[in-house]
1. The conditions are (1) open to solvent by less than 50 Å² (accessible area, probe 1.4 Å); (2) of a type outside the set (S, T, N, Q); (3) part of a strand (DSSP E or B); (4) more than 30 Å from A104 (Cβ to Cβ), and A25 fails exactly one of them. Which is it?
2. Of the residues Y80, Y14, Y9, only one is out of contact with any Ser or Thr (no Cβ under 6 Å at 6 or more places or on another chain) and under 17 Å from G132 (Cβ atoms); which?
3. Does L50 meet the test of being at pLDDT below 80, open to solvent by less than 60 Å² (accessible area, probe 1.4 Å) and closer than 27 Å to L114 by Cα?
4. Are any of the residues in the range 78-96 over 22 Å from G125 (Cβ atoms), without any contact (Cβ under 8 Å) to a residue 40 or more places away in the chain and small (G, A, S)?
5. Take the residues in the range 88-115 that are in contact with a strand residue (DSSP E or B) (Cβ under 7 Å, 6 or more places away or on another chain) and open to solvent by 60 Å² or more (accessible area, probe 1.4 Å), then tell me which one is modelled with the highest pLDDT.
Amino acid sequence: MPVTRVASYNVENYLLADALCLSQAQRLVRRLCAYCKTPAPITPEIADYLGRNGVLKDGRVPSTPIYNKGGCPECNGVGYSGRVALMEMCAVDSELQNLIATGATMQAMRKASLKGGFLSLYQEGLSHVLAGNT
């Protein structure tokens, strides 16, 4: 959430809360080569890690594998081909608007946004791992 970044430019909190309707951050990560990625089972330890990071909601180990990089002529032996975007988007609802206007801590804003289904960049990255993209 880059709200604190904009606030560091001496923008008044009430102006920022009134003007902001969406907060977004993005990163590019390498996409696994579709020709040579190799499946690996999701171990209970990995499932536990994914659950602790909020990616697996029900706590059950998914039946689909995760993938490791390979290396083939299509990707010049690196195991990756292209990039995929990770997007962190948070709609500013009335609760977040009030928190921004009152100068609440980043922790309080993040807690409020998580109630609405917000995924951090890290969680988005883990979701792409589960989808076999990276």
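The values are calculated or read from the model by the stated rules, or taken from the named source; none is laboratory data. Worth saying up front: this structure is predicted, and the values here are computed from it rather than measured. FYI the Cβ positions are ideal-geometry reconstructions off the backbone, even for glycines, and counts take in every protein chain you see. Keep in mind that these areas ignore ligands, DNA and RNA; they rest on the heavy atoms of the full protein, side chains included. Shrake-Rupley method; radii C 1.70, N 1.55, O 1.52, S 1.80 Å.
1. (4)
2. Sole residue among the options that is out of contact with any Ser or Thr (no Cβ under 6 Å at 6 or more places or on another chain) and under 17 Å from G132 (Cβ atoms): Y80.
3. Spelling it out, it is not the case that L50 is at pLDDT below 80, open to solvent by less than 60 Å² (accessible area, probe 1.4 Å) and closer than 27 Å to L114 by Cα.
4. Yes, that holds for at least one residue.
5. Within the range 88-115, the match that is modelled with the highest pLDDT is M89.
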